[in-house]
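Reading through the structure tokens given below for one structure.
The values are calculated or read from the model by the stated rules, or taken from the named source; none is laboratory data. Everything numeric here is computed off the predicted structure, so don't read it as measured data. Neighbour counts are summed over all protein chains in view; Cβ atoms, including those assigned to glycine, are modelled from backbone coordinates with ideal geometry.
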Ligand SMILES: [Zn+2]
Ligand SMILES: [Zn+2]
């Protein structure tokens, strides 16, 4: 249940933060499909009554791009209708505002009514479109659209908010989604950024994992996150990092959402012709509220030629890990 700090949002709504979009939808609507990253991608939210799909891509040629985006969507919908032997007509087309951006609203009638909002967000460099399809376009459907559009945030000055399945955290915009898996009882998200120059290669990544029904699945270890890491998670984590022998030390504890998290850290240096160095910091904890084990990690790597001094920005790494944990909500 969304109890908003900002105020003004109806109880019964939940927040979804994904790839630089932040919206609110009814509790009974679920995030079912997604692809891509913050530059180009899509996600779908569904319930028994309807489907909302949001997609976005980079802005290319500017002045015409909103109109041409509208044309592209119309052409596509027309083709789809033709393929299925359905009628197709545009019932309404008008200029509107979406999150204060110039936008178009389209009402398309084919097998069903489809409502599109297409807008251009210069701040995030994206053209986005959202399509609403409801079994019945009743008062409830109208309210869902209204709530969606009034809660929508498509750009931010600060970090991106990632919010889904009762987890919420903030991460720098420069880190893009590279992997996400949602299975029964577990979820995994990786965000990463790579900067390559002639002299060096820097990568930073964030890895978030949780495992549900933890008190049953990890009966012996869930109350001791340090042991859980060693016994139940380390192998998989090493595999994820493609570092089979990386060694983690426990360097402390910290309070997180009312839970006690264990902090682990690994440091490595390697290579002959090139020199790589790396820090990986991990926080693990058990959340009683959700009965989940969490692992949240930040990894920073740098590879440089041997004749140059390696400079892994350790402070930057620690600051990123710290602000990620400060922003993290696990229940
Ligand atoms: Zn925007
Ligand atoms: Zn918690």
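List of remarks:
- Test: residue 291 is surrounded by 14 or more Cβ atoms within 10 Å (Cβ to Cβ) and at positive phi: yes
- The criterion of at least 1 residues that are within 12 Å of ligand 2 (Cβ to nearest atom), in contact with a strand residue (DSSP E or B) (Cβ under 9 Å, 6 or more places away or on another chain) and under 17 Å from residue 227 (Cα atoms) is met by the following strands (runs of 3 or more DSSP E) wholly inside the range 243-288: 259-270, 274-287.
- Of all residues in the range 155-176 being within 16 Å of ligand 1 (Cβ to nearest atom) and under 13 Å from the mean Cα position of the chain (by Cα), the one that is surrounded by the most Cβ atoms within 10 Å (Cβ to Cβ): 160
- Number of residues in the range 191-216 that are in contact (Cβ under 8 Å) with a residue 40 or more places away in the chain and either part of a helix (DSSP H, G or I) or in contact with a helix residue (DSSP H, G or I) (Cβ under 8 Å, 6 or more places away or on another chain) (or both): the value is 7.
- Counted residues, the range 17-65 - those being outside any strand (DSSP E or B) and surrounded by fewer than 19 Cβ atoms within 10 Å (Cβ to Cβ): 15
- Breaking point among (1) at pLDDT below 95; (2) not in a strand (DSSP E or B), for residue 145: (1)
- With respect to the conditions (1) more than 16 Å from ligand 1 (Cβ to nearest atom); (2) more than 19 Å from residue 141 (Cβ to Cβ); (3) in contact (Cβ under 8 Å) with a residue 60 or more places away in the chain, residue 68 falls short on a single one, namely (3).
- Evaluated against (1) in a loop (DSSP other than H, G, I, E, B); (2) within 20 Å of the chain's Cα centre (by Cα), residue 223 falls short on exactly one condition, (2).
- The set of residues from the range 94-111 being within 18 Å of residue 137 (Cα to Cα) and either in contact with a helix residue (DSSP H, G or I) (Cβ under 8 Å, 6 or more places away or on another chain) or modelled with pLDDT under 90 (or both) comprises 106, 108, 110, 111.
- Within the range 240-259, tally of residues that are under 27 Å from the mean Cα position of the chain (by Cα), modelled with pLDDT of 95 or more and exposed (fewer than 12 other Cβ atoms within 10 Å of the Cβ): 2
- Among the residues of the range 74-118, those that are in a strand (DSSP E or B) and under 22 Å from residue 49 (Cβ atoms) comprise 91, 92, 105, 106, 107, 108, 109, 113, 114, 115, 116, 117.
- Tabulated pairs, the range 116-142, first outside the structural domain of residue 74 (by TED's automatic domain parsing) and more than 16 Å from ligand 1 (Cβ to nearest atom), second at pLDDT below 95 and not in a strand (DSSP E or B), C-beta under 6 angstrom, 6+ apart or interchain: none
- For residue 179, the test of being more than 16 Å from ligand 2 (Cβ to nearest atom), surrounded by 15 or more Cβ atoms within 10 Å (Cβ to Cβ) and either within 21 Å of the chain's Cα centre (by Cα) or in contact (Cβ under 8 Å) with a residue 12 or more places away in the chain (or both) is failed.
- The condition of being out of contact with any strand residue (DSSP E or B) (no Cβ under 7 Å at 6 or more places or on another chain) and surrounded by 15 or more Cβ atoms within 10 Å (Cβ to Cβ) holds for residue 124.
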